[in-house]
Structure formats: structure tokens, C-alpha cells
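The structure under discussion appears below in the form of C-alpha cells.
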Amino acid sequence: MATYSTNQFKPGLKILVDGDPHTILVNDIVKPGKGQAFNRIKIRNLKNGRVVEKTLKSGESIEAADVLEVELQYLYNDGNDWYFMDAKTFDQVSANLDAVGEARFWLKGQEICDVTLWNDLPILVVPPNFVVLEVSESDPGLKGDTASGGTKPAVLETGATVKVPLFVEQGESIRIDTRTGEYVSRSKES
Amino acid sequence: MPDSDSRSMTIGDLVRRRASLLQEIRTYFRSEGVTEVNTPILSKFGSCEPALKNLTLNRGKKKFLRTSPESYLKQLLSHNIGDIYEIGSVFRDEESGPLHLEEFTMVEWYRTKINLHALIDDVRRLLVSCGYQSTIDIVTYGELFDLASGLDPHNCDNSELVSVAIDGGVRLKKSDLNDRALLLDSVYVSTVEPLLKSFKPIFVIDYPKEHRAYARLSETTDAVALRFELIINGIEIANGYDEIIESGEQKDTFNAENNLREKRGLEQMELDAPWLDALASGMPAVCGVALGLERLAMVLWQIKNIRDISLNTQ
């Protein structure tokens, strides 16, 4: 079991707190006048993104989290899990719904994703910032329909629903910003 | 006050500002009849205080770089030479961050025949002569602690401290649960310390006996130590004591510190015999203050990082 002492603390270090892997965001040393020194850290839970503050006595050690950030290619979904492959080693890992989360709305196959592995298992999947997906279902837009702000819902090939401009038609490919889940433009890619 | 952005301060500016601050301090002490002394930085004895990490040299026999000039100054005081002060480097291993340096400049002085409140006025006058304008109120440790945590630090149970500390995000081990000094610190850092940043400058007085350090206990209630800390912008600037002058009492305090060291898994320190001998030979009643020069400069020049005030340019 690898550990880090508080004097090794710095932003970006991955540690295990309350059973979950966290990354250190801020590390401050606090010392009451004649008293014990403490490290006050702000940490982000790598599984759910929540940020909390913890205080440890300086000189104590905390378990290191075996966390690795890798680029993996998304392969397919078997109805339960999502499968990813390391393009260099061809090693495959499967990610469950908790790890894939919202990313599942943007993945159809081949995308290179940033995957956070904890003890070799995916805990977080971040899709590329932009993806191109086909519109599988959308009603023809009606000219002059301004009540909907000039947009209409469209269902994409991955099952996600996004708002698109009225001129976008079924069967077209569109570019999506996965960070906001918003339509960016039509795409010439098929 | 001049600029708040330290990066606009050249080494030349810094050198000149430090020089004039030192001049103001020396002028103050001269006007008060306090004599400047220079005592050794190297000692055979390290500090016993559990919260301090000694820096050591090992050439043949182990020597310590002083964490403060206290021992030598007290040895001088026992010769009845009157009030003295020293300005010089002190060392604390592994201290880092925007408020701590491993080597910093301590201004430490001792006034005989005055009490703690007169000493607080002494600090106020020194600050005024360095150009500090704000008034500084006095608050008790108990008032601060109660305000921040709802607990009475002198009388509450350890279990109450534990529960407030844990709620405040402090990780405690089983062996910490009966270390009252540590539990008080845990509640302090998680509740009091965050409040202090938004406070006016204060002298905190009447520390719980677990944090007496080398201060005498009050004659009216020995739950309270005759100590103060000066805190400005949430930063500790100075620490003052009505000093222990009985050799036996000082020895008990050293032993208690070594016990705490053992409990915390820290090295046992050899008792500083010359210090104890000096007290045994007869010591005038004395109050003393240690003030961090760079910390004071941070306040006076509105600088956020102590490294911007150190002349260590490496």
C-alpha cells in the first residue's frame, strides 16, 4: 500500500479518502500559534466530482489512490457495460454506467476518450469535446415557428435528444459540444 | 502604505525597507532602555516544544540550530542585566507555504518588572513606532473558541472536542482522542482559524493550560495560562508570555512536553540544563515576546507571501 506523507501533498496528487479516490486541489498549512501544524486540503472526489475540505495533522500519511488517466478508444456497449480499448496494447476494459455517466449520450464507437482508471478499472469517462452524430429522428421544421425559439428537438443515433435549428433534417450529421450538450453546426462528415 | 503587489518591489526596495523597519525597532527599544544582545545560533539543546521541528547539524556531536533565542536570553536575564532584546535568524524544519519559512527573523525581547497587560501595551507602542495605525483589541481564547465552536475550551469534555473537530473535517486517530492539546488545536484550526481572517487585529489572551507553553498559570485560576498571541489578518504576528521563572516549574513543563512527544511518537529531547540552572540561580520576574519580523512586514507592507519579504533569493 503506497502512502503519501502530508509534506508530499501538492495539487494534482491522488489520494484515497473515505474509500474513494480524490485529487488534491488546494493544500494549505495551518498552524495555531504554539500548536500542532495541520494540512488543510480541498479535494475533489474523482467518482462524483464533489469537492470537500479535510484537515490532517502535518506529518501523517494518507493512502495513495492508484489512479491513472489514459486515452482509450470506445468500442461498443453490450447492453450492460461500455467497452474501451488501449490503441497501443489492445487491452480492453469495461466501464459501468456510473463511470460512463453522461458520456454515453455522445459515444457511438471509435471516439478517443479520457478515461480515469482506479485500480485499473474505469471510474470516469470524458468524451471528446466535439462529436459528430447523425440525426435519427426529427420532425420537419415549420417556417415561421418562432414560439420554440427557432429550434426543435432531435433524437440522435446514440439516443440522446438535443435542440437543433429548424433547418436540420433527419439523416443529417451534426456537431455537438459534449461539455454543454449543445448543437454547434451541421457536419460535412457522414 | 506603498504598493500591495510585491512583485513590483525590487531587491533594492526590499533591502531598504527592511533596513528602515529594523531601524525603527532598534530606535524604539533604545528609547525604552532595552539593550540589544546577540546570542549563539547553535546550541547543544534543541527545543522541546512538540509542535516545533528542530534543524540539526551533525558534526561529531549533534548540534541544534535555535528555534528561538529564548534559552540564551533567559541565561543572560538571570544575571540581572535588565531588559534585553535580540533580532536574529531562527530555524524550524519543514515549515513551508505562504506564511512560514524554515529560516526567519525573530525579534524577541524581555521586560522585567511588568505584567502581561503592560507587555501588550509595549507591543502596541512598538507597532505604532513601526508605522502601524490600527487599534488592537483584547479577546480571550475562551470567547473566541465559544464564538466559533460553541465549546468552553477550559471545561468541555474531550468527546465534545472530538465531535466538533470531526464535523469540521479533521481526521483523528484513536491515539489522538485523549491528547487534549491536539484536540483543542483540531477545533481551533477547523472553527476559529477560518474566522480570524475576517477579524479586526486582536490580542488573544488566557490560553488553556494545555497550551501554556512556557507561560505562568494565572494565580486566580490555574486553568488559564498568562500568554497572548497577536493576530492580524488571521496571521500570528507575536507571542508573549508572563514567563516561568521557577526552575522546578520549567523542568515539569519540559517533562510534560517530552511526555507529549512520546505520545505523539516524536523524539525525546535532552532537557536544557543551562536554562534550568539559570532559573535556579535566581531570575527576576519577567515577561517576554517573540515577534516574526517578516510577518510584521507582511502586515505593514500588505504582502501576501512571506517569501516576498525574505532576502533568500534562491
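The values are calculated or read from the model by the stated rules, or taken from the named source; none is laboratory data. Being a predicted model, the structure only gives us computed values, none of them experimental. Here the Cβ positions follow ideal geometry from the backbone for every residue, glycine too, while neighbour counts run over all protein chains shown.
Numbers at a glance
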| quantity | calculated |
| --- | --- |
| Enumeration of residues in the stretch A:12-53 that are polar (S, T, N, Q), assigned to a strand (DSSP E or B) and away from every other protein chain (no Cβ under 11 Å) | A:Thr23, A:Asn45 |
| Residue in the stretch B:70-90 that is of a type outside the set (Ser, Thr, Tyr) and within 14 Å of chain A (Cβ to nearest Cβ) present | yes |
| Subset of the stretch B:1-59 [of a type in the set (Gly, Ala, Ser), more than 28 Å from B:Thr112 (Cα to Cα) and at pLDDT below 90] | B:Ser4, B:Ser6, B:Ser8 |
| Restricting the stretch B:162-190 to residues that are under 20 Å from B:Arg227 (Cβ atoms) and at the interface with chain A (Cβ under 8 Å from one of its Cβ atoms), the residue that is surrounded by the fewest Cβ atoms within 10 Å (Cβ to Cβ) | B:Ala181 |
| Tally of residues being more than 11 Å from every other protein chain (Cβ to nearest Cβ) and either under 19 Å from the mean Cα position of the chain (by Cα) or among the aromatic types (Phe, Trp, Tyr) (or both) across the stretch B:234-256 | 8 |
| Filter result for B:Ser159 (within 9 Å of chain A (Cβ to nearest Cβ) and modelled with pLDDT of 95 or more) | no |
| Residue match in the stretch B:78-99 (condition: at pLDDT below 95, on the phi > 0 side of the Ramachandran plot and surrounded by 12 or more Cβ atoms within 10 Å (Cβ to Cβ)) | yes |
| Residue selected from the stretch A:27-81 under the condition basic (Lys, Arg) and more than 16 Å from A:Asn7 (Cα to Cα), by the criterion modelled with the lowest pLDDT | A:Lys34 |
| Filter pass, B:Gly82 being of a type outside the set (Asp, Glu) and touching a residue at least 24 places away in the same chain (Cβ under 8 Å) | yes |
| Residue within the stretch B:295-311 that is at pLDDT below 95, within 14 Å of chain A (Cβ to nearest Cβ), touching a strand residue (DSSP E or B) at 6+ places or on another chain (Cβ under 8 Å) and within 24 Å of B:Arg124 (Cα to Cα) present | yes |
